[in-house]
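What follows is a short report on a single structure.
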Amino acid sequence: MADVFRARQPRIIAVANQKGGVGKTTTAINLGAALVEQGCRVLLVDLDPQGNASTGLGIEADARTYTTYDLLLGDVALTDIILTTDIENLHIIPATVDLSSADLELMSREKRTFLLHDALRQTAIEALDYDYILIDCPPSLNLLTLNAMVAANSVLVPLQSEFFALEGLSQLIATVREVRQSANPELRVEGVVLTMHDSRNNLSHQVEKDARDNLGDMVFRTVIPRNVRVSEAPSYAMPVLDYDPASRGAEAYRDLAKEILARHTAAA
Ligand code: ADP
Ligand code: MG
């Protein structure tokens, strides 16, 4: 499966939504693990100063010698920044709170929205043979998120199945459109994925209906259920796919990976 993608640039997906707590980090970690299960090599870029993706994959604070901050603003070899995880073929560039000052520092750079784009297109990255690079964005439409959108081929939007879920989505889509018109004409919306869906809750069904009515095919068929195993997994420093492979959450992220791979293979 993965061979289809080899000898090409990795596909770069920014996982973004300016709302916090909607499932961005959970999706970045578990979609990453699910793509690996399907035979892909995946790099996760932690672009959130909170560093939750790094913690969730078991990267201790003292192992974060170099971080996304160095990737953007430093002069450190890519190979020194990328860390392996307990999962073979899932690598990470970790983040720490240092990244919160990057936003301001980026401001003074001439190519401030292109730093991640350029960093991820160093020739050194080709030798690492990734199929996918997933970027876990911060909960804001700041310069870091703009860097992710300029660097990415597509934006994947987790949408929490709760009231007001669709609010803010138009601002996010407008930002994608602006980036497309200026810095990255190829940028697409990979899709909107409903997260923390509770099938016993009418509100969840209403949010799903609203999303599908308004956004049509942009919404993934796969819906991620609210599942306690998903929320427990990070404290064991594991994706849910390893923590409880048979859980509904693990199954859902597997389906999401397959849905994405099927689209990309069909498009290739
Ligand atoms: P974000 O990165 O958008 O801020 P997170 O991925 O950190 O959001 O998720 C917010 C919280 O919701 C976390 O505590 C996470 O464990 C929990 N969570 C996310 N997805 C699920 C799910 N499918 N089922 C149960 N809890 C979830
Ligand atoms: Mg997060």
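Quick check: Cα centre of the stretch 15-88 to Cα centre of the stretch 197-254, how many Å?
If we compute the Cα centre of each part, the gap is 20 Å.
Of all beta bridges DSSP finds with both residues in the chain, what is the antiparallel percent, to the nearest 5?
On the way: 2 of 28 bridges.
For the chain, the DSSP antiparallel bridge percentage is about 5.
Before rounding to the nearest 500, sum -39500 (n - 2.57) across all DSSP H runs of length at least 4 in the chain and divide by the residue total; then give [θ] at 222 nm in deg cm²/dmol.
On the way: 13 runs with 112 residues, N = 268.
Value at 222 nm, helices only, nearest 500: -11500 deg cm²/dmol.
What size of dipole, in debye to the nearest 20, comes out for the chain about its Cα centre when the only charges are +1 on Lys and Arg C-beta atoms and -1 on Asp and Glu C-beta atoms? Could the numbers behind the result be given before it?
Details: 24 positive and 36 negative charges, 166 e Å.
Using only the charged Cβ atoms, the result is roughly 800 debye.
Sequence gap at least 6, Cα distance under 8 Å: using those rules, report the relative contact order of the stretch 27-143 to the nearest whole percent.
The value is 39 percent.
Exposed loop GluC sites (Glu not before Pro) only (DSSP loop, at most 14 other Cβ atoms within 10 Å): please give the longest stretch of the chain free of them, not including the sites.
Numbers: sites that count: GLU60, GLU88, GLU110, GLU167, GLU186.
Counting only loop sites that pass the neighbour cut-off, the longest clear stretch is 187-268.
For a paramagnetic label modelled at 7 Å from the Cα of ARG229 toward its Cβ, which residues of the stretch 66-94 fall within the zone defined by backbone nitrogen distances under 19 Å?
87
What's the extension gain from GLU178 to MET107 if we count 0.36 nm per residue and subtract their Cα-Cα distance? Can you show the working numbers first?
On the way: separation 71, 0.36 × 71 = 25.56 nm, distance 1.82 nm.
That pair, GLU178 and MET107, stretches by 23.7 nm at full extension.
Quick one: compute the contact order of the stretch 117-257, relative version, from alpha carbon pairs under 8 angstrom and 6+ residues apart, as a percent.
On the way: 163 pairs, mean separation 26.0, N = 141.
RCO, the stretch 117-257: 18 percent.
Neighbour counts of other C-beta atoms within 10 Å: give me ARG180, ARG226 arranged from fewest to most. Intermediate values should be presented prior to the final figure.
Numbers: ARG180 15, ARG226 19.
Least to most surrounded, the residues fall as ARG180, ARG226.
With a sphere of radius 12 Å drawn around the Cβ of ASN142, what net charge do the other residues whose Cβ falls strictly inside it have (Lys, Arg +1; Asp, Glu -1)?
Working: positive: ARG112; negative: ASP48, ASP103.
So the environment of ASN142 carries a net charge of -1.
Normalised by the residues of the chain, what does the relative contact order come to in percent, with Cα pairs under 8 Å and at least six apart?
Numbers: 517 pairs, mean separation 67.5, N = 268.
Reported as a whole number, the value is 25 percent.
Counting other C-beta atoms within 10 Å, which of MET149, MET218, MET238 has the fewest, and how do the rest follow? Display every interim value, and only then the final one.
Numbers: MET149 27, MET218 14, MET238 21.
Going from sparsest to densest Cβ surroundings: MET218, MET238, MET149.
Using Cβ contacts closer than 10 Å as the measure, can you line up ASP46, ASP118, ASP242 from fewest to most? Could you put the intermediate results ahead of the total?
Details: ASP46 32, ASP118 13, ASP242 16.
Least crowded to most crowded, the residues run ASP118, ASP242, ASP46.
Bear in mind these aren't lab numbers, they're just calculated from the coordinates by the rules spelled out. Predicted model, so just to flag it, every value in this text is computed and none were measured. All Cβ positions, even for glycine, are placed from backbone atoms using ideal geometry, and neighbour counts span all protein chains on display.
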